[in-house]
Amino acid sequence: MKRYIFDPEVIDQCALAGIGQPKPQMFDLIARAIEKHYPGTIYHDQPWIYSIAGGAMIQMKLYFASLDEYIMIWGTPIGSEGHSGRHRVAFWDTVIDGETWYFAEGQFEKRVYKPGDRIFVGVGQACGMNFTDGVWALEYARGSIPRSMPFGLADEILSCRDFVAAKQTVWVYATLIGRHWSAPYSKGFLRKFVGRLMSRVGKRRAARLTPPPPKELMRTGGARAKAVTPVKAAARGAARRPAGALQKARRG
């Protein structure tokens, strides 16, 4: 029987530790709570990356990953919707901010989840998802993670053509697998050697792919320029002319 590192019930309790806190401090509190229960397994240095799968667009941060498990925080501040996919993996999610709606085959009313609520999508199951005006959740997955990679990359490559996000996903996943294989609790010289190599190469590759922070264009002085059409400009000009000038213009 396969042995797993994490207990979904413990992960759920860790998620509750951050509810009500501002972002991103909320995420740090949750990660530290997990690390307290599972020392040496959680890594805080991975970047936030896009995940576009099943028509839904979110961003995610992976804290642990192996061939059989992963832990991440995911979410969106503006909402999205799509298909969960049907996987050989079970997913446990705890909502930590916002609201999300789910439904499965044969269900005719939406299931509403708010902070503190748990979502479970089992092996071979699938759901429709709507992230309303925004939602954030802690997710623990258990099963054959590599078999779900095509679902996680297909939209990014074939639809959005966001090759940067696809490469980031692969290299971040490889980095965390390498760290798992080279961790003190892992066994086997070859496994540890390959793990250290994957960790180093993956970290460098992922760092090179990290895009620069977005720039926002701001008006100088904090005031927004008002668009003025030629008709409005002419009307304003006429209104500002003295009465004598208007009479002369009419006579002419």
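Look at segment 77-95: where a residue is touching a residue at least 60 places away in the same chain (Cβ under 8 Å) and a partner is of a type in the set (Lys, Arg), sitting 6+ places away or on another chain with Cβ atoms under 6 Å, you get ARG88/ARG147; THR94/ARG118. Within segment 163-177, if we keep just the residues that are surrounded by fewer than 18 Cβ atoms within 10 Å (Cβ to Cβ) and within 16 Å of the chain's Cα centre (by Cα), the residue that is nearest to MET72 (Cα to Cα) turns out to be VAL170.
Among the residues of segment 3-23, those that are farther than 24 Å from VAL170 by Cβ and of a type outside the set (A, V, I, L, M, F, W, C) comprise ARG3, ASP7, PRO8, GLU9, ASP12, GLN13, GLY18, GLY20, GLN21, PRO22, LYS23.
Yes or no, residue by residue, for (1) modelled with pLDDT of 85 or more; (2) farther than 29 Å from GLN59 by Cβ; (3) outside any helix (DSSP H, G or I); (4) out of contact with any Pro (no Cβ under 9 Å at 6 or more places or on another chain):
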residue	(1), (2), (3), (4)
LEU176	yes, no, no, yes
ARG179	yes, no, no, yes
PRO211	yes, no, yes, yes
MET218	no, no, yes, yes
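Residues that are surrounded by fewer than 21 Cβ atoms within 10 Å (Cβ to Cβ) and closer than 22 Å to SER66 by Cβ within segment 128-140 comprise just one, GLU139. Of the residues making up segment 43-95, those that are more than 14 Å from the chain's Cα centre (by Cα), of a type in the set (A, V, I, L, M, F, W, C) and assigned to a strand (DSSP E or B) are PHE64, ALA65, VAL89, ALA90, PHE91, TRP92. In segment 185-194, the condition of being of a type in the set (Gly, Ala, Ser), on the phi > 0 side of the Ramachandran plot and touching a strand residue (DSSP E or B) at 6+ places or on another chain (Cβ under 9 Å) is met by no residue.
Residue pairs whose Cβ atoms lie under 8 Å apart, sitting 6 or more positions apart in sequence or on different chains, and linking a residue in segment 1-29 that is part of a loop (DSSP other than H, G, I, E, B) to a partner that is surrounded by fewer than 13 Cβ atoms within 10 Å (Cβ to Cβ), are GLY18/GLN25.
The condition (being out of contact with any helix residue (DSSP H, G or I) (no Cβ under 6 Å at 6 or more places or on another chain), within 30 Å of GLY40 (Cα to Cα), among the hydrophobic types (A, V, I, L, M, F, W, C) and modelled with pLDDT of 85 or more) is satisfied by just one residue among VAL172, VAL194: VAL194.
Search segment 121-169 for residues being β-branched (Val, Ile, Thr) and in contact with a helix residue (DSSP H, G or I) (Cβ under 6 Å, 6 or more places away or on another chain), and hand back the single one that is farthest from VAL201 (Cα to Cα). That would be ILE157. Applying the set (1) assigned to a strand (DSSP E or B); (2) within 19 Å of GLY55 (Cβ to Cβ) to GLN125 leaves exactly one unmet item: (1).
The values are calculated or read from the model by the stated rules, or taken from the named source; none is laboratory data. Keep in mind that this is a model prediction, so the values were computed, not measured. Note that each Cβ is placed from the backbone with ideal geometry, even for glycine, and that neighbours are counted across all protein chains shown.
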